[in-house]
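J.: Please read through the structure below; I'll follow up with questions.
Here, each number is a calculation from the coordinates, and none is a lab measurement. From a predicted model like this one, the values you see are computed outputs, not experimental measurements. Virtual Cβ from ideal backbone geometry, glycine too; neighbours counted across all protein chains shown.
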Amino acid sequence: MNSLKTLIIISLLITFSTDGFAQNEHDHEESVKNHQAQNDSDEAVEENGHEESAEITLTKDQQKLAGIQIEVLKKRNLNYKLYAPGELQTNGYKSYLVSPRTNSVVMKRHKALGDHVKQGDDLVTLFSESVAEAQATLKIASAEWQRVQQLGRKVVGDSRYITTKNDYELAKARLMAFGLSEDFINDNSSFLGEYTLNAEIDGAILSDDFQQGQRVEAGHALMLLSDESQLWVEARVQASKQLDLPVGTLAQVKVGNQFYTAKVSQEAHTIDEKTRTRVIRLLIDNPEDTIHPGQFADVYFNVSTDQAVTFVPENALMRTADGDWAVFVETEDNQFIEQEVELGRVLGDFHEIFGLEIGTKVVTQGAFFVASEIAKGGFDPHGH
């Protein structure tokens, strides 16, 4: 009996061992097949360079409803507008700073902030000890010069005649150096030390930083006169922009709700340390005095590419999950697929692109709708 039990146990062990070996062999074969399939898939990806992107079909009605527009990619020159923030400023070449040329006391103002003045108008009257001394010296020199002239050159001699004349002209020149007009110098009715500064140009008074009775030093800015018939616009362009804007280049300047035409007059050759921008200065005519220094402006330069390029509108570009840029192209009628591109220069509202063949049909309007339709269909629009 014991021998029979032993034989049965040995037989069962052999059966279990054989079945286990067969199952392990089957599992191994399945693993090899799966591994080979994965290798074939990886090789396909490597051969194509990327996984195949999802393709979607949109009917004509869908495209029309979504406003989808398709353009054939080609190289061409582009005229576009480049935006830059700007600010109106006084024309420094048509402005005049009114200031005393010697320490003085303000006696009286004749014009105020905002007044429009003509050349020669009285602006401010001051008093100065230095002017008083110069006026006294001039009176003495003038009287002596008149007496020598009456006596004549033959009577007084050449030396005295020339010396007296030089003394008179020197005393007069000293007063003119203080900023006094020749008419004021020749007017003997004024009090010693009092003098009046006059407008050197036609213009508006943009500042008047002083009070009557105030003692001011030489060079202190009392008033700023500016001819506002032509102003400066200082536009700030990104330093990275490689632009050729020669003198005379036209631009559109928007101030408030009004547009004005301006011309490039100068370009700074240094970069602002704070804003990292460079300044483009333009001239803008203001004959009706409708705009003023200090106002902000939007400047739009008219720019052209120097050679033919391939480009798409900014809203044709989409970000992939990897952070790359892509566009949607029509491969066949009503069928769309995503294609990655490389970006070049920003051309106003357009962007230069590389990586697509000339003749490719690109979605230029409605790219977001195409991406959303792919996503709704359960596809990954980025091929993942």
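J.: Take every Cα pair under 8 Å in region 221-297 that's 6+ residues apart, average their separations, divide by the length, and report that relative contact order as a whole percent.
T.: 40 percent
J.: Next question. Among the lysines, which fall within straight-line cross-link reach of K154, defined as a Cα-Cα distance under 26 Å, with same-chain neighbours fewer than 8 residues apart omitted?
T.: Straight-distance partners of K154: K139, K165, K172.
J.: Further question on the same structure: What is the ratio of the Cα radius of gyration of region 183-331 to 2.2 N^0.38 Å, where N is its residue count, to two decimals?
T.: It is 1.70.
J.: Sort T57, T310 so that the residue with the fewest other Cβ atoms within 10 Å of its own Cβ comes first and the one with the most comes last. Can you show the working numbers first?
T.: Working: T57 12, T310 20.
So the ranking, lowest neighbour count to highest, is T57, T310.
J.: Cα gyration tensor of region 112-248, axes a ≥ b ≥ c as square roots of the eigenvalues: rounded (a/c below 1.5), prolate (a/b > b/c) or oblate?
T.: prolate
J.: I'd like the projected area of region 92-141, averaged over all directions, using the convex hull of its alpha carbons. Report it in nm² with one decimal.
T.: So the mean shadow area of the Cα hull is 5.0 nm².
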